[in-house]
Amino acid sequence: MSAPTPPRSFCCLRHGATDWNRQGLFQGRTDNPLNADGLAHAHDAAGVLQRASITRIVSSPLLRALKTAEIIGAAVSVPVAVDSGIIEFDFGSFEGLPVRDTMAARGVKSAEGLVSILPDDGEAWSAMTERSLACVSLWLERHPDDHFLFVCHDAVMQGMAKSLTGGYFKNSHGTPFRYVRDAAHWRVEQIVT
């Protein structure tokens, strides 16, 4: 099965940082809260997004994404819906391990390399990409007049970007991006004030 293609452009945001992010650990489904930096990321993102005409916000159910979405929603006066279709990738036995050390021990240095060494006891990368794009597509189809912000996770955003644009991109906590559809072509661009 191939991943669905969303019908139009949409905005996406990686949650604010957690302690595990700062420690460089695989976080996946481990439900860690935002730390002080993460709360600041959420408030900064809210400031940027106040001018982005967002009319609907959908969040992953994990605490770090939901709190980020709630802060933004309060700032732009938009309620937050929750959908597990954009929950973070399940890293299986990699959860809690140091990302850099795990990659170095297996001789990989890139996102493509990391995807190639994921453990069998976690989620399949292709399954995560398909469920995330299916989730986004369904929301966009059900609400054709809304401007969406999906608050989720790095792996989800990278999987969607790879599927739509053919490549990964530099993603940062609390930095909003727009996945832009021009005819049959997609690009990912940062939203700036």
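Just so it is clear, none of the values below were taken in a lab; they were calculated from the coordinates. This structure is a prediction, so every number in the text was calculated from the model and none was measured. So basically every Cβ, Gly included, is an ideal-geometry build from the backbone, and we count neighbours across all protein chains shown.
Side notes on the structure shown:
- Residues whose amide H comes within less than 5 Å of that of residue 56, counting only those at least five positions distant or on another chain, are 147, 149 (H built at 1.01 Å from N in the peptide plane).
- Electrostatic tally near residue 85: other residues with Cβ closer than 12 Å to its Cβ, Lys and Arg +1, Asp and Glu -1, net -2.
- Rounded to the nearest 20 debye, the dipole magnitude of the chain is 500 debye, with +1 charges on Lys and Arg beta carbons, -1 on Asp and Glu beta carbons, and the Cα centre as origin.
- Across region 148-153, rounded Karplus estimates of 3J(HN,Hα) from the backbone phi angles (6.51 cos²θ - 1.76 cosθ + 1.60, θ = phi - 60°) give 9, 10, 9, 9, 8, 9 Hz, Gly and Pro being marked x.
- Measuring r between the beta carbons of residue 22 and residue 2 and using R0 = 45 Å, the FRET efficiency lands at 0.80.
- With R₀ set to 35 Å, the beta-carbon distance separating residue 121 from residue 142 gives a calculated FRET efficiency near 0.55.
- Fewest-first ranking of 54, 72, 191, using other Cβ atoms within 10 Å as the exposure measure: 191, 54, 72
- Helix 125-142 axis, angle to the chain major axis (alpha carbon atoms, nearest 10°): 10
- Rounded to 5, the percent of DSSP beta bridges in the chain classed as antiparallel: 50
- Under the simplified labelling scheme, the residue 175-residue 97 pair shows an inter-label distance of 2.7 nm, with each label point 7 Å from Cα along Cα→Cβ.
- Top positive-direction residue, dipole computed over the chain with Cβ charges, set 17, 89, 177: 177
- At an R0 of 35 angstrom, the distance between the Cβ atoms of residue 193 and residue 109 translates into a FRET efficiency of 0.55.
- Helix 154-165 and the longest principal axis of the Cα set of the chain meet at an angle near 70°.
- Dividing the mean sequence gap of close Cα pairs (under 8 Å, 6+ apart) by how many residues region 10-190 holds gives a relative contact order of 33 percent.
- The C-alpha atoms of the chain define a longest principal axis, and helix 36-49 lies at about 40 degrees to it.
- Highest to lowest packing among 143-149, 181-187, 32-38, 56-62, scored as the average C-beta count within 10 Å: 56-62, 32-38, 143-149, 181-187
- Using θ = phi - 60° and Karplus 6.51 cos²θ - 1.76 cosθ + 1.60, couplings along region 91-108 (whole Hz; Gly, Pro as x): 7, x, 5, 7, 4, x, 7, x, 4, 4, 5, 5, 5, 4, 5, 9, x, 10
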